[in-house]
Amino acid sequence: MKRIDGAELLDRLGIGFIIALAVLALTLLLLPAVIVVMMSFDTRGYISFPPAGFTLDWYVKVFNQPVLVNAMWTSIKVGLYVTALCIVLGVPTALACARGDFRGATALSVFVLVPHMVPGIVLGVAVLFSGALLGIGPSIWLQSVSLSVYVMAVMVRTVMARLQRLDPLLEQASANLGASRWQTFRTITLPLLLPAILAGAVFTFIEGVDNLSVTIFTHGYRDRPLPIELLAIVQNSSSPLVAAVSSVQILLAMLALLAISLTIGLDRVND
């Protein structure tokens, strides 16, 4: 029988410890979602675990309630507006931070992170008061702007990380061949940035759809998004209806990741 010396034993113990921590982390990440999905199929009229049976009635009730369906559409519209604003404003900001040759570029890249570091409640109140000073009340537009401010750092940092890994010789070669800056950006830089832009778009869309801390202060009272409706349901009921709505949101997030995987591949997001 092969004898194991002290160093090899320590190596095996260390690898086993790291694997155990990784399994624990994955369990903590996935277990809540699995429990919510399982509870959404429960036959009982109240939230409990484990489920007593299997039914799809709660999903049917979700899509038969106009309030919830309207809330879903409102959240999807907000997610799309937030994504569009983050792409239009975030990509040029990332270019300025990563490639800009001006004083304050580093400070700008740090400042972009500030709204995301501030608690969402504080940002929501600040945007609400700022909107009131400008005569803009809570609405789907104020909600979209506030969420864009909150999550734009995700788009900026994702695109910046991609820009910093791009080989500058490609752009220099394009310039040496006579291409203008715009032609170089359109034909070289932008295609190479698309995986990062798409990844940032997915994350900003998801945040725009299910954010609560900022949304609770800026949403329109006639355009209540899904997180606000879920909060109202949880406060007044313990029905598995909430679990069914949450499962639909989990499904949307999984579809978004699947879209990235099928189009650019998850491995290429950080290439």
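The values are calculated or read from the model by the stated rules, or taken from the named source; none is laboratory data. These figures come from a predicted structure and were not determined experimentally. Every residue, glycine as well, gets a Cβ built from its backbone with ideal geometry; the counts of neighbours run over all protein chains shown. Accessible surface is based on the protein model in full, side chains and every heavy atom, while ligands, DNA and RNA are left aside. Shrake-Rupley method; radii C 1.70, N 1.55, O 1.52, S 1.80 Å.
Descriptive notes on the structure:
- Think of the chain as a dipole: +1 on every Lys or Arg Cβ, -1 on every Asp or Glu Cβ, centred on the Cα centre; then among 241, 111, 258, 111 lies furthest on the positive end.
- GNM top mover of 17, 54, 185 - the chain, alpha-carbon springs below 10 Å: 17
- Under a model in which nothing but the beta-carbon of Lys, Arg (+1) and Asp, Glu (-1) is charged, segment 1-141 shows a dipole of about 100 debye around its Cα centre.
- Taking only the C-alpha atoms of segment 189-266, Rg followed by Dmax gives 15.8, 52 Å.
- Binned Cα-Cα distances of segment 66-187, short to long, each 10 Å bin given as a whole percent: 12, 31, 30, 16, 9, 1
- Per residue, the chain exposes an accessible area of 59 Å² to a 1.4 Å probe, with every protein chain left in place.
- Convex hull of Cα atoms in segment 6-152, direction-averaged projection (nm²): 16.8 nm²
- Square roots of 5 times each gyration tensor eigenvalue, C-alpha, segment 111-152, largest first, Å: 18, 10, 8
- Annotation for segment 196-234 versus segment 1-76: alpha-carbon center distance of 22 Å.
- For the chain, the carbon plus sulfur part of the accessible surface works out to 70%, probe radius 1.4 Å.
- For the chain, the dipole from Cβ point charges (+1 on Lys and Arg, -1 on Asp and Glu) about the Cα centre works out to 300 debye, to the nearest 20.
- Neighbour count of at most 16 Cβ within 10 Å plus DSSP loop: longest trypsin sites (Lys or Arg not before Pro)-free window in the chain: 104-221
- Within the listed set 197, 35, 19, the Gaussian network model of the chain (springs between alpha-carbon atoms below 10 Å) gives the highest mean-square fluctuation for 19.
- Charge sum, other residues only, whose C-beta stays under 15 Å from residue 91's C-beta, Lys/Arg counted +1 and Asp/Glu -1: +4
- Each of 58, 48, 35 was scored by the projection of its Cα onto the charge dipole of segment 1-82, and the greatest displacement toward the positive side belongs to 58; charges sit on the C-beta of Lys, Arg, Asp and Glu.
- Gyration tensor (alpha-carbon) shape descriptor, the chain, a/c threshold 1.5: oblate
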